[in-house]
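Q: This structure is in structure tokens; I'll ask about it shortly.
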Amino acid sequence: MVSCPSCRQKKVERGSPAFPFCSKECRDRDLAGWAEERYKIAGERVRLASTEGDTPHFEPDDSDLGTGIPDGIDEEFGLD
């Protein structure tokens, strides 16, 4: 058994539906804390790619159109 990391009041057994939290409310409270950036992980800040220019863009041409099945997969799984 461990203490709930959110309320620290209740003991929680492994296998509990909300483990390691004691309840859905405590789990949701913790998730909200991450979403509101109340928690931080130590380390260097990472610069995220901007939406313009940093992300490669792929436009298929007709030669890229196929079955979507990798070559040789039929033989590997006996599907021919």
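Please treat every number below as a calculation from the coordinates, not as lab data. Computed from a predicted model, the values in this text were never measured in an experiment. Cβ placement follows ideal geometry from the backbone for every residue including glycine, while neighbour counts extend to all protein chains displayed.
Q: Can you compute 3J(HN,Hα) from phi for each residue in the range 23-28, using the Karplus curve 6.51 cos²θ - 1.76 cosθ + 1.60 with θ = phi - 60°, rounded to whole Hz and x for Gly and Pro?
A: Per-residue couplings from phi come out as 7, 4, 4, 5, 4, 5 Hz.
Q: Going by amide H atoms built from the backbone, whose H comes under 5 Å of the H on residue 12, apart from near neighbours?
A: 2, 3, 4
Q: Want the number for residue 7 to residue 25: 0.36 nm per residue separation, take away the alpha-carbon distance, what's left?
A: 5.5 nm
Q: Which order do the peptides 35-45, 19-29, 1-11 take when ranked by the mean count of other beta-carbon atoms within 10 Å per residue, highest first?
A: Going by the mean number of other Cβ atoms within 10 Å, highest first, we get 19-29, 1-11, 35-45.
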